[in-house]
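These notes concern the structure reproduced below.
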Amino acid sequence: MTSEDHSRWHATTILCVRKDGFVVIAGDGQVSMGDTVIKSNAMKVRQLHKGSVISGFAGATADAFTLFERLEAKLDEHPGQLTRACVELAKDWRTDRYLRKLEAMMAVADDTVSLIVSGTGDVLEPEDGLIGIGSGGNYALSAARAMIDRDDMTAEMVAKRAIEIAADICVYTNKNIITEKIKNK
């Protein structure tokens, strides 16, 4: 993988925050090709499965849309079972000749679980309910961990502020933040 491929795959910030009965996935809006900003208001976060699942992606846009469609199909096969649907998607992603070439990573959540899904076959559930992916993911994740226990901040406020902090550090992240939110069970 060249350095240009690496920056394309990771050039975004997606953050998932689970707090006070809500789960939020937030993403910045910047799309970069190499060192050029192509678009500043992309929507990298979306609702899936009639709003019961939220997801964000880091990576190639066309690849992410393919994965969103595949995840929707797996959710139709396994309704109410996000973990199982993600495991089935990861299996396909790793073994299918076409899918294994896709360069993306996803953060997905429903009312009970938050997961990272990757093309290497990983389906990971963080123990603290926080996920950060993309080039600014670790910056946003660190900021979210520092703010998560603040009583004056909602899950959405933590997610937005953490991505703003990441945008101050990561050149592939901006402050045009899109969020999706669902209520926990």
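Fewest Cβ neighbours within 10 Å first, please rank Leu99, Leu141 accordingly.
Listing Leu99, Leu141 from fewest to most nearby Cβ atoms yields Leu99, Leu141.
If you wrap a convex hull around the C-alpha atoms of segment 18-89 and split its volume per residue, what is the figure in Å³?
Details: hull volume 7.8 nm³, N = 72.
Convex hull volume per residue, Cα atoms: 109 Å³.
Lys185 versus Asp149, label points 7 Å from Cα toward the beta carbon: distance in nm?
Taking the simple label geometry, Lys185 and Asp149 are separated by 2.9 nm.
Give me the net charge of Asp111's neighbourhood, meaning all other residues with Cβ under 12 Å from the Cβ of Asp111; Lys, Arg count +1, Asp, Glu -1.
Residues near Asp111 contribute +3 overall.
If you add up the charges near Asp149, with Lys and Arg at +1 and Asp and Glu at -1, over every other residue whose beta carbon is less than 14 angstrom from its beta carbon, what do you get? Let's see the in-between values first.
Details: positive: Arg18, Lys19, Arg145, Arg150, Arg161; negative: Asp20, Asp128, Asp151, Asp152.
Taking every other residue near Asp149 into account, the sum is +1.
For Glu103, which sequence-distant residues (separation of 5 or more, or a different chain) have an amide H within less than 5 Å of its own amide H, given hydrogens modelled in the peptide plane?
Counting only residues 5 or more places away or on other chains, the set is Ala60.
So how do 30-36, 153-159 stack up, highest first, on mean other-Cβ count within 10 Å? List each step's numbers first, then the result.
Numbers: 30-36: 14.4, 153-159: 20.7.
Result, highest mean Cβ count within 10 Å first: 153-159, 30-36.
For the chain, I need the span (max minus min coordinate) of the C-alpha atoms along each principal axis, in Å, sorted largest to smallest.
44, 42, 25
Nothing charged except the Cβ atoms of Lys and Arg (+1) and of Asp and Glu (-1): what's the magnitude of the dipole of the chain about its Cα centre? Round to the nearest 20 debye.
Working: 23 positive and 27 negative charges, 47 e Å.
Around 220 debye, computed over the chain.
I want to check the label-to-label distance for Thr120 and Val37. Put each point 7 Å from Cα in the C-beta direction and report it in nm to one decimal.
3.1 nm
I need Glu88, Glu69, Glu180 ordered by Cβ neighbour count within 10 Å, fewest first.
Ordered by Cβ neighbours within 10 Å, fewest first: Glu69, Glu88, Glu180.
Please list, ordered by chain and number, the residues whose modelled amide H lies under 5 Å from the amide H of Asn184; skip anything fewer than 5 residues away on the same chain.
Correct list: Phe22, Val23.
How do Lys91, Lys44 line up, fewest other C-beta atoms within 10 Å first?
Taking fewest neighbouring Cβ atoms as first place, the list is Lys91, Lys44.
Given the -39500 (n - 2.57) contribution per DSSP H run of 4+ residues, what per-residue ellipticity at 222 nm results for the chain, rounded to the nearest 500 deg cm²/dmol? All intermediate terms of the calculation are to be shown ahead of the outcome.
Values: 5 runs with 65 residues, N = 185.
After summing the helix terms and dividing by residue count, I get -11000 deg cm²/dmol.
Bin all alpha-carbon pair distances of segment 97-185 at 10 Å intervals from 0 and give each bin's fraction as a whole percent.
For segment 97-185, the pair-distance distribution reads 16, 44, 32, 7, 1.
Quick check for me: using +1 on Lys/Arg Cβ and -1 on Asp/Glu Cβ, what's the dipole size of segment 18-59 about its Cα centre, in debye to the nearest 20?
220 debye
Remind me, relative contact order of the chain in percent, using alpha carbon pairs under 8 angstrom and six or more residues apart?
33 percent
Bear in mind that the values in this text are calculations on the coordinates, not laboratory data. If you're wondering where the values come from, they're calculated on a predicted model, not measured in any experiment. Virtual Cβ from ideal backbone geometry, glycine too; neighbours counted across all protein chains shown.
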